[in-house]
Amino acid sequence: MDFSGKTRRLNAMRCCLAASAVAVGGARASAQTAAPATNFRREQQPIRVEPKNVRFSNYLHDLNSPGALIGVVGGGVLEHLRQKPTPGNGEAGGLGQVILSRAGAHAVDVSVRHSLAALMQRSTDDRYQFCECHGLVPRVGHALVETFTDRRADGHRALSFPRFAGAYAGNFAQAAWDPGRHNPGNVAVGTTLSFGISALFNVGRELSGLGR
């Protein structure tokens, strides 16, 4: 038997296996070393705050802010106390229904106002801006302007149609799903008076410097 031939073939196979192992190991090592280099060279993209994101944040704030929740619950309690006691509203369940009704009206108000503001390119930041002027008349005028106007995309003031539309839409929606407690005439008068109350509040805040 030709043992020398078999020996040569075995040695050749061993050489091939060793070469393959070295090649595979080298490829793995090069891939492992190349990956960190690629990650090191990758630049992180900056986080961009776009107007649509700011608008959505303002919408969520107006919808769920502590002031909004206090207004919904407190207004619901006052409205419930003003109602004549009946089997429908003289119990705790009636108070819950009033609060839910006011919460729905608030959601409609905020949604309509922010939607129209986005379409009309109006500001949705309702934070009161104090006047840098002096004198009673200019400061009262500024408070009224802050109440009934908002800012356009160019920074100038304009009559706040989104604010008016949202307030009337929310209150009329509440009257639609709760007609026993509200009628259209009272809703229209009450909504209009609410703007007058807001104007008086802003005048008082401007003259007193409350929150400056």
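The values are calculated or read from the model by the stated rules, or taken from the named source; none is laboratory data. All values derive from a computational prediction rather than experimental measurement. When we count neighbours, we look across all protein chains shown, and the Cβ atoms used for this are built from the backbone with ideal geometry, even at glycine.
Figures for the structure shown
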quantity	calculated
Failed criterion for GLY180 (all others in (1) modelled with pLDDT under 95; (2) crowded, with 16+ Cβ neighbours inside 10 Å hold)	(2)
Which listed residue, of VAL187, VAL110, is among the hydrophobic types (A, V, I, L, M, F, W, C), within 23 Å of LEU60 (Cα to Cα), touching a Phe, Trp or Tyr at 6+ places or on another chain (Cβ under 7 Å) and buried (at least 18 other Cβ atoms within 10 Å of the Cβ)	VAL110
Whichever residue in segment 83-103 is charged (D, E, K, R) and farther than 15 Å from GLY71 by Cα and, among such residues, is modelled with the lowest pLDDT	GLU91
Filter result for ALA118 (of a type in the set (A, V, I, L, M) and either modelled with pLDDT of 90 or more or touching an Asp or Glu at 6+ places or on another chain (Cβ under 9 Å) (or both))	yes
Residue within segment 156-163 that is small (Gly, Ala, Ser) and in a helix (DSSP H, G or I) present	no
Pair list, Cβ < 7 Å and 6+ apart or interchain, from segment 80-109 residues that are among the hydroxyl-bearing types (Ser, Thr, Tyr) and part of a helix (DSSP H, G or I) to residues that are crowded, with 17+ Cβ neighbours inside 10 Å and at pLDDT 80 or above	SER101/GLN174
Qualifying residue in segment 123-141 (condition: touching a residue at least 12 places away in the same chain (Cβ under 8 Å) and in contact with a Cys (Cβ under 9 Å, 6 or more places away or on another chain))	yes
From ALA158, ALA143, residue being in contact with a Lys or Arg (Cβ under 8 Å, 6 or more places away or on another chain) and surrounded by 16 or more Cβ atoms within 10 Å (Cβ to Cβ)	ALA143
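Yes/no matrix, rows are residues, columns are (1) acidic (Asp, Glu); (2) outside any helix (DSSP H, G or I); (3) without any contact (Cβ under 8 Å) to a residue 40 or more places away in the chain:
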position	(1), (2), (3)
ALA167	no, no, no
ASN171	no, no, no
ALA176	no, no, yes
ARG181	no, yes, no
ASN186	no, no, yes
PHE201	no, no, yes
LEU210	no, yes, yes
